[in-house]
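Below: one structure, written as C-alpha cells.
The values are calculated or read from the model by the stated rules, or taken from the named source; none is laboratory data. Treat the numbers as computed from the prediction; the structure is a model and nothing was measured. Positions of Cβ are generated from backbone atoms using ideal geometry, with glycine treated the same way; all protein chains shown enter the neighbour counts. Side chains are part of the model used for accessible areas, which takes the heavy atoms of the whole protein and leaves out ligands, DNA and RNA. Shrake-Rupley method; radii C 1.70, N 1.55, O 1.52, S 1.80 Å.
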Amino acid sequence: MSLVLKLIAQRVSLGILLLFAVSILIFVGTQILPGDVAESILGQSATPENLANLREELGLNEPALSRYFSWLGGIFVGDLGTALTSGTNISEAIGARLGNTLFLAMVAAFISVPIAILLGLLAVRYKDRWPDKLISATTLASISLPEFFIGYLLILFFGVKLGWFPTVATVFPEMTLGARLNAVMLPALTLTLVVLAHMMRMTRAAILNVMQSAYIETAELKGLSSFKIIWKHALPNAISPVVNVVMLNLAYLIVGVVVVEVIFVYPGMGQYLVDHVSKRDVPVVQACGLVFAAIYIGLNMLADILSILSNPRLRHPK
Amino acid sequence: MTDELRYLSQQVARQRLDRRSFLGRAGALGVTAATANTLLSSAVMAQGAIKGGTLKVAVEGGSSSDSLDPALVTNSTGTIVNRLWGEPLVELDPEGGLDMRLASEMSATPDAKTWTFVIRDGVTFSNGKALTADDVLATLERHAGEDSKSGALGILSGISSMRTEGNAFIIELDGPNADLPFLLSDYHLMIQPNGGKDDPTAMIGTGPYVVKSAEMGVRFVAEKNPNYWDPNIGHAATIEVTVINDDTARVAALQSGQVHMCTRVPPKVASLVSRMPGVEVHSVPSAGHYVFIMHANTAPFDNKDLRLALKHAINREEMVDKILFGNGSIGNDSPINDAYPLYRAAEQRNYDPDKAAFHFKASGHEGSVLLRTSDNSFPGAPDASQLFQQSAKAAGISLEIKREPNDGYWSEVWNKQPFCTSYWSGRATQDAMYSTAYLTSADWNDTRFFNEQFDQLLFAARAELDDEKRTQMYFDMGEMVRDDGGLICPMFNNFIDATSDKVAGWGPSKGFGLMNMYAPVKMWVTG
C-alpha cells in the first residue's frame, strides 16, 4: 500500500510542477498578445486622453517580471486579483462560474458516461451485427455534427415545438435543484451527443482488444454467457483506457463548451474567458487559463491513479 | 360593423379574447390586418397600462466583462440596466423634442451660453436620500472630470464651469450651444447620489426600478421602486433582463415564450420572425448608418474626383435590399437623415456608372483602390464590400478588398487606414454628430474632413436659436460633407426589435432601438 501512496505522491508533485510551468507559459502568452487592454476596453470610443488615463489606472506601465511575481504570490493566498475591465473580484466571479460549469459537466457526464459504456458493451456483444452498426452509425453521426447545430436542433424540437425544456439555460443561485436540472437539460443533452461517440468507440475498442485474450476463451469454454464474460472478465481489464478516455471527455466538458454556453446562455467559465480575452483583460485570462490547466492536469492525474489502482501490474513497474 | 370591431378590440384589451382570434374575426368583417392592428393597439392603450407581473427581456450585446458604473457602459444591456435604476436630467421624446425627467424646467440665456436646470421636487434616490442639485453637479463633475473614463466625456468638453443655486443647476459653456440639453440625455449621465463618487457601481438612482440581482453578461433582475415619482412609466412589478448574444437563441427564446421582447432581430430573418404566431416585429428607422470612409487628406483619396467617382459607383438601393433586407433607407453621403431634428433633404445621389467613370478618368488614378473591411465593422460589411466592388467594376473602377480580422479592427484599421468600412450609431442632434466626426479638431474625424467654412458654420449654428436659419445652416453643412467629404454613406439601418403579444404599450421613439431602450419600463404585461 505504501508503494501506492508513494506513486500517488509522485504524481501529485509532478502535477504541481507542471502547473507551475503552465503558469509561466500563460503569463508569457498573455504578454505577447497584440494590442493592449486599454484600447480594447474603449474600442471605437478611444481618444488619446482617456486611453492614457485608463493605462495609468490599470497599472499597465509596470515591468512584466514584477507583475508575474505579484500575480503568483496572489494565487497562493487564493487572490486572483481584480478584473481590469469591470473592477470585480476574479476569485468570486470564477467561483460562481466554475460551480456552474462543473454542474453542467456533471449532469452531462452522469447522462453520457453510463450510456456510452453500456452502448460500448452492447456493441461488443453484437459485434458486426446490426445493433453494433446502428450504435456506431448514430453516435458517429452525432459527433460529426457541429455542436451549435445539435444545439439548434434540440432548441427547435424540445424547446420551441414541444416546449418540454427551456431554450435559455440561465441558472442563478436562488434556483432549486429541480429547476436547475430542468434548465440545463438541453445543453447537457447537446454535450452528451457530442462526447458519446468518442467514449463509446473507445470502450468498444478496448474491450474487443481484451476479447482476443486466452482467458476470455477459457471463460467461453467454461460456458459463461457472453454478456457476463464482457462485464466480469473483459471490462475490468479494459478499464484503464476507458478511464482515460472518460477523463479526457470530462476535461472537455469543463473547458471546451464555449459554443454550447453561448447558444444556451449558460453562465459558465467558457463564456467568461472568451468575453475577457476579447477585451484583453489579462488577469482574468490568466486566472481562467490556470484554472483550466489545473482541471486538465488534475483529471489526467486522477485517470493515472485510477489506472494504477485498477491494474496491479502497473503498481510494480520493472 | 365598426361597433362590432370596437367591441371585439375592447374584449382583447380586457383579455377576454386573444389577439389571433381578434385578427381572424376582424378579417371576416373585411378589415385589413394593418387596420385591425392599429385599432387593437389603440384599444389596448385606451384600456390603460396594466400594473404588475414579470416582464422578461432578451438583449444582444452584454458581456461578463462589463462594468456596473454607468459611465463605462458601452452596450445595449448596460443602457437598459441604466434606464431601470437611473434617470438623466432630460430624455428624448418621440417627436424629436425633449422630455423633462429629473429637471422639471430648463432655460438658457439668449446667447445659449448659460443653461439653468431646475431640479424636480420630491424625488428620492432608492437609498432614501432626497435628490438635490448638488447630486446633479457631482454627477456631471465625475463624468467631465480630467481623469474621467466616462463615455460622455467628449460631449461634456465644452463646459467651462458648473454650479448650483438652491434647487437649480447651472452650466456655463465656453461657447454657445443651443443643443446642450440634448447632450445631457446621454445614456451615461444617470444622476447618482453624490454623483456616484462614493461607489459608482452601486446602482442607486431615482429610476423606476431597483436592481436586486446583477450578474454581468448574464442576467439582471429589478423590482419596482415603490417611491418612484412618475406614475406613467414602470408598469411591471419585476423586470428580468437576460443577455442572449446568439441571434438564433434570442429569437428562439421569444418564440418559445421565455421572454416578452428581444433586441436586434437579424435583418435576414426579420420577415420570417414577423410571421411567427404571437410575435410582432418592429422595424424602426434610425440615425445609425453603415459607411465606407475615405481619408480626404491621404492619397489617392485627397483627389476630389476620385472621391466623387467612388460615391457615384455605389448602388445604394441594392445595399438596402441585400444587406439590410429592406430594413433601412438609402443614404446620401451625409451622416444625417430625417431621424434628426432640423433636417432638410438634399438632392439624392444615385448609382451612375457613367458619372463615376468620368470622375475616375478626371482623377487620373491608375490601378485599383484598396478597401479594408471586417465582419464587425457592420453586419454584412464584407458582403457590402463585394457589392460595391461589382457596381464599381461596371464603371471601370477596380476595388481590391482586404479582409481584416475583427480583433483590433477599431484600434488598427478604423481611423488609421485611408479607406475602410465602419458604422455610426447616430447622435441626438446634428450638432453632436458633426462635432463628433466632421469638425476639423474632432478625435474621431474618421474621414479627415478639414473644412474651415464647415467649422465656422457649425459654431454659428450652435449660437443660432432661430430654427429656420439653423435648418438652412445644417443643410449647407450637409452639402459640404456630401460633395467634398470622404464619407460614402449608402444606407441608414433600421432598429429591428420584436415583442410578444403578451405585452403591450409599444410606441414611437427617437434614439436607440427598443423604444430608445425604454420598452421594458414603458410596456406592460397583459396576460
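Rounded to the nearest whole Hz, the Karplus-based 3J(HN,Hα) values (6.51 cos²θ - 1.76 cosθ + 1.60, θ = phi - 60°) of the range B:193-202 follow the sequence x, 6, x, x, 5, 6, 8, x, 9, 6, with x at glycine and proline. Given +1 at the Cβ of Lys and Arg, -1 at the Cβ of Asp and Glu and no other charges, the dipole of the range B:289-493 around its Cα centre is 360 debye to the nearest 20. For the range B:289-493, dividing the convex hull volume of the Cα atoms by the residue count gives 106 Å³ per residue. DSSP assigns beta bridges within the protein assembly as shown; of those with both partners inside it, close to 80 percent run antiparallel. Just going by the charge dipole of chain B, with Lys and Arg at +1 and Asp and Glu at -1 on Cβ, which of B:Pro379, B:His143, B:Asn451 is farthest out on the positive end? Sorting the options by dipole projection puts first B:Pro379. If you take the beta carbon distance between A:Phe76 and A:Tyr215 as r and set R0 to 35 Å, what does 1/(1 + (r/R0)^6) give as a FRET efficiency, to the nearest 0.05? For A:Phe76 and A:Tyr215, the calculated efficiency is 0.10.
Ordering A:Leu19, A:Gly268, A:Phe110 by Cα displacement along the dipole of the protein assembly as shown toward the positive end leaves A:Phe110 in first place; charges were set at the Cβ atoms of Lys, Arg (+1) and Asp, Glu (-1).
How would you classify the protein assembly as shown from its alpha-carbon gyration tensor, with a ≥ b ≥ c the square roots of the eigenvalues: rounded for a/c under 1.5, else prolate if a/b is greater than b/c, otherwise oblate? Note, shape of the protein assembly as shown comes out prolate. Interface burial in the range A:52-71 reaches 10 Å² or more for A:Asn53, A:Leu54, A:Glu57, comparing the full protein assembly with the chain by itself; accessible area from heavy atoms with a 1.4 Å probe.
Straight-line cross-link partners of B:Lys304 among the lysines, defined as a Cα under 22 Å from its Cα and at least 8 positions apart when in the same chain: B:Lys355, B:Lys361, B:Lys393, B:Lys416. For chain A, the longest principal axis of the Cα atoms and the long axis of helix A:235-255 meet at an angle of about 20 degrees. On the basis of the beta-carbon distance and an R0 of 56 Å, B:Thr201 and A:Ala141 show a calculated FRET efficiency of 0.70. Taking a ≥ b ≥ c as the square roots of the eigenvalues of the alpha carbon gyration tensor, chain A is oblate, as a/c is not under 1.5 and a/b does not beat b/c. Determine the sum of side-chain charges near B:Ser363: Lys and Arg each +1, Asp and Glu each -1, restricted to other residues whose C-beta is under 13 angstrom from that of B:Ser363. So the environment of B:Ser363 carries a net charge of +2. Its DSSP H runs of at least 4 residues, each contributing -39,500 (n - 2.57), put the calculated 222 nm mean residue ellipticity of chain B at -9000 deg cm²/dmol, to the nearest 500.
Amide H contacts of B:Thr124: B:Leu131, each under 5 Å away and 5 or more positions distant or on a separate chain (H built 1.01 Å from N in the peptide plane; Pro and chain starts excluded). Structure note, pairs B:Lys56/B:Lys224; B:Lys56/B:Lys129; B:Lys502/B:Lys522; B:Lys129/B:Lys149: Cα-Cα distances above 20 angstrom occur for B:Lys56/B:Lys129; B:Lys129/B:Lys149. Close amide H contacts of B:Ser104 (hydrogens built in the peptide plane, cut-off under 5 Å, sequence separation of 5 or more or a different chain): B:Val118, B:Ile119, B:Arg120.
Remark on B:Leu370: its backbone amide H falls under 5 Å from those of B:Glu400, a criterion applied only to residues 5 or more positions apart or on other chains, H modelled at 1.01 Å from N. How about the range A:82-169: which chymotrypsin sites (Phe, Trp or Tyr not before Pro) there lie in a loop by DSSP and see at most 14 other Cβ atoms within 10 Å? Listed in order of number, the matching sites are A:Trp164. Other residues within the sphere of radius under 9 Å centred on the Cβ of A:Arg204, judged by their own Cβ, net out at +1 (K and R +1, D and E -1).
For the chain pair A and B, the buried solvent-accessible surface (1.4 Å probe, both sides summed) amounts to about 3000 Å². In chain A, helical runs assigned H by DSSP with n ≥ 4 each contribute -39500 (n - 2.57); averaged across all residues and rounded to the nearest 500, the mean residue ellipticity at 222 nm is -24500 deg cm²/dmol. Computed about its Cα centre, the charge dipole of the protein assembly as shown is approximately 4760 debye, with only Lys, Arg, Asp and Glu carrying charge at their Cβ. Using the 1.4 Å probe convention, the accessible area of the protein assembly as shown works out to 43 Å² per residue with neighbouring protein chains retained.
Rounded to the nearest 20 debye, the dipole size of the range B:436-527 about its Cα centre is 540 debye, using +1 on the Cβ of Lys and Arg and -1 on the Cβ of Asp and Glu. Pairing the Cα long axis of helix A:2-31 with the longest principal axis of chain A, what angle in degrees results, from 0 to 90 and rounded to the nearest 10? Roughly 40 degrees, rounded to the nearest 10.
Considering only B:Ala437, B:Thr116, B:Val59, the residue lying farthest towards the positive end of the dipole of the protein assembly as shown is B:Val59, judged by Cα position with unit charges set on Cβ.
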